[in-house]
């Protein structure tokens, strides 16, 4: 079954709130408030899709058993893979974090992203 929605309007003001932390990521420094809405989960739960927002802060991510594709709708962040160069992602850009990716995300401006998570 297919679903259609506008990511820029999805869940405006109706996202679930929680601080960022394990098992998703390890916060480096002050707590990072996040908000999420997941309107799609595959029947086998291997694929999730939705909208995620987070306030500025630095965190460490290790995509050991899952990967993620994002499209930034608002805000800006810098993703730095271990041993790699920083990459700025801002409104209108997309990023791919394959299974095995390890590094940091520095959210510089409140971010809102559309995401697709795929599990191994």
* Asked: Quick one: residue 58 ticks every box in (1) at pLDDT 95 or above; (2) closer than 18 Å to residue 98 by Cα bar one, so which box is it?
  -> (2)
* Hey, residue 90 hits all of (1) within 20 Å of residue 19 (Cα to Cα); (2) within 13 Å of the chain's Cα centre (by Cα) but one; which does it fall short on? -> (1)
* From 31, 53, residue being surrounded by 14 or more Cβ atoms within 10 Å (Cβ to Cβ) and at pLDDT 90 or above -> 53
* Which of the residues that make up the range 71-120 are modelled with pLDDT under 95 and surrounded by fewer than 14 Cβ atoms within 10 Å (Cβ to Cβ)? -> 119, 120
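The values are calculated or read from the model by the stated rules, or taken from the named source; none is laboratory data. Given the structure is predicted, the values throughout are model-derived calculations rather than measurements. Cβ atoms come from the backbone with ideal geometry, glycine included; neighbour counts cover every protein chain shown.
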